[in-house]
Amino acid sequence: MNRFSYGSETELVQYLKARDQTAFNYLYDNYSTTLYKVILQIVPAKDEAEDILQKVFVNIWTKLEGYDPQKGRLFTWILNIARNASIDTLRSKEYQYRRRIINFPPEEISTFCKNNYTLSTDAIGLNRYVSMLKPQQRQLIELVYYKGFSQPEVARLQSTPLSTIKTRIKSALSQLRILIGEKQFTPLSV
């Protein structure tokens, strides 16, 4: 039986602050499931939630000296660390980027764009011109101008150097100018 099974929270905190590994294992065994559920409510992706849970316990271990029992219970303090880590992850640009990329796997981008850009380009009368572009050019125009990806995001998505993506987009826009026949054709900024 674990020596903390019947001990007080104060005793557990003393052992934790003394860097007792058994106490930390007890803390993990008794709190990880609850914290994981709380994290999942904020960040619904299981893989992300597992990563956050691991970071939370690292934070607990490194910041334990900052825990003040006069300000609240240990569980409340740990719960706030988990909640804050989850919210920080949600707000991070890296998380936002990963969520966006996951929604557009490379093998499905072409199919998605083919099925979904028709409405938006038809609405502004460009569908026939965009459809005349080479497939690679059409995909870049769709991703950047109709789906809102930045050029660096497209470069990462396609595992292609940014300079190559910029050149290809410039070429596609030049081709659109020729197809439309307007010298003053000016696309929206990327």
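A few points about this structure:
- Share of Cα-Cα pairs in segment 134-179 lying beyond 12 Å, as whole percent: 57 percent
- Packing-based exposure ordering (other Cβ within 10 Å, fewest first) of 71, 63: 71, 63
- Compactness of segment 9-91, expressed as Rg and Dmax over alpha-carbon positions, Å: 12.5, 36
- Its relative contact order, with pairs defined as Cα atoms under 8 Å and 6+ residues apart, puts segment 9-91 at 36 percent.
- Cβ-Cβ distance of residue 17 and residue 162, R₀ of 45 Å, FRET efficiency by 1/(1 + (r/R0)^6): the value works out to about 0.40.
We did not get these values from a lab; they are worked out from the coordinates using the rules stated. Not measured: the values here are computed from a predicted model. A quick note on method: Cβ atoms are made from the backbone with ideal geometry, for glycine too, and the neighbour counts reach across all protein chains shown.
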